[in-house]
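The values are calculated or read from the model by the stated rules, or taken from the named source; none is laboratory data. Predicted, not measured: the structure shown is a model, and the values here were computed from it. Cβ: placed from backbone, ideal geometry, glycine included. Neighbour counts: every protein chain shown. Calculation scope for accessible area: heavy atoms of the full protein, side chains included, ligands and nucleic acids excluded. Shrake-Rupley method; radii C 1.70, N 1.55, O 1.52, S 1.80 Å.
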Amino acid sequence: MATMDDVTLASAPTNALTLPNIIYPVVEQLDKSGYKDIQSDLHTTFFKLEELYPGFSRSFLQSFINKEVSPLLATTNMNELTLKLEKHCDKSSYFISSSRGEQEFHELNIRSKNLKHILSRIPDDINEKREFLETIKEIASAIKKTLDSVSNTYQYFKTAEGRQALENEKKEFIKYSKNFSNTLKAYFRDSKRDDVYVAANHLLVQTDYLLRTIKLYCETDTLDDSLYPLLSHHQNQARLISPSRYSSNNNQQHHNLRQSSSSSSSANNRPNSSYETGYN
């Protein structure tokens, strides 16, 4: 029987992706209906609510579906939905800007985007075993190429602090890559496809955080951290997490973001994890 901790961990990536994959795209469409002047306020309000009440966006959306949508759609699997919608989201702002003309950054953008796109195909491909096996091979290759591209950016990090921050996120990415691999092995025994969706969503979020860290240390523009999934926030379910991780309204907060990204021992950041670099 699943424990409360198991349920919290399983829901964490989907809760974190509900904002960037469902809510934000809807808000971005409001200008076509004449509501452009409230887009920014809605974006900020949903983000702050998610900070204060982890899982709010998912609960809000699920309540709306249950009340306003037909009973057939009311059974929508949110883990599957957030994963499937990834390929339709415009997340160009997540990637390294064209101001960095180095080939390594351009390659990283292409490879990470490709990985996210392939992962989002899982709900469509999982029904056909042969097609799904081909998708799994593509994902494994895309993970390897993404990690190679991440490693190629180390030369552009000017501080040890930045390199350590990237190493921390890379470890997390590898950890969840291995978790995804193990989940796939279990799936072919127990056919629990929802576990596959959750594991894939974890990889989506970790990919975003790799890109976030590289942007933070390799671009001069202030980072709008509200763009990124609040995975650690959801995992910890703690409301006393330092706000510097999620806000970058001024230079001091930007400095705090760098400090929090590079720290591996603080209780407010990601926990350390043992791992084997099987994808290196």
Quick one: would you say K32 is of a type in the set (K, R) and either open to solvent by less than 60 Å² (accessible area, probe 1.4 Å) or in contact with a His (Cβ under 6 Å, 6 or more places away or on another chain) (or both)? no
Sole exception among (1) within 18 Å of T183 (Cα to Cα); (2) open to solvent by less than 70 Å² (accessible area, probe 1.4 Å); (3) acidic (D, E) for E161, by number: (1)
Within the range 181-201, residues surrounded by 22 or more Cβ atoms within 10 Å (Cβ to Cβ) and within 19 Å of K145 (Cβ to Cβ) come out as A200
Residue check: is T18 touching a Ser or Thr at 6+ places or on another chain (Cβ under 8 Å), open to solvent by 50 Å² or more (accessible area, probe 1.4 Å), modelled with pLDDT of 85 or more and polar (S, T, N, Q)? no
Here are some conditions: (1) open to solvent by less than 70 Å² (accessible area, probe 1.4 Å); (2) modelled with pLDDT of 90 or more. I38 meets all but one. Which one does it not meet? (2)
Scanning the range 127-156 for residues that are over 20 Å from N201 (Cβ atoms) and over 22 Å from the mean Cα position of the chain (by Cα), which turns out least open to solvent (accessible area, probe 1.4 Å)? Y156
Please determine whether any residue of the range 63-73 is outside any helix (DSSP H, G or I), surrounded by fewer than 20 Cβ atoms within 10 Å (Cβ to Cβ) and either at pLDDT below 85 or out of contact with any Pro (no Cβ under 7 Å at 6 or more places or on another chain) (or both). yes
Could you please find all residues in the range 93-115 being over 15 Å from D148 (Cα atoms), polar (S, T, N, Q) and either open to solvent by less than 30 Å² (accessible area, probe 1.4 Å) or in a loop (DSSP other than H, G, I, E, B) (or both)? S97, S98, S99
Between K215, K171, K175, which is open to solvent by 60 Å² or more (accessible area, probe 1.4 Å) and either of a type in the set (V, I, T) or assigned to a helix (DSSP H, G or I) (or both)? K171
Picking from D221, D225, D194, D190, the residue that is among the acidic types (D, E), at pLDDT below 90 and over 15 Å from the mean Cα position of the chain (by Cα) would be D221
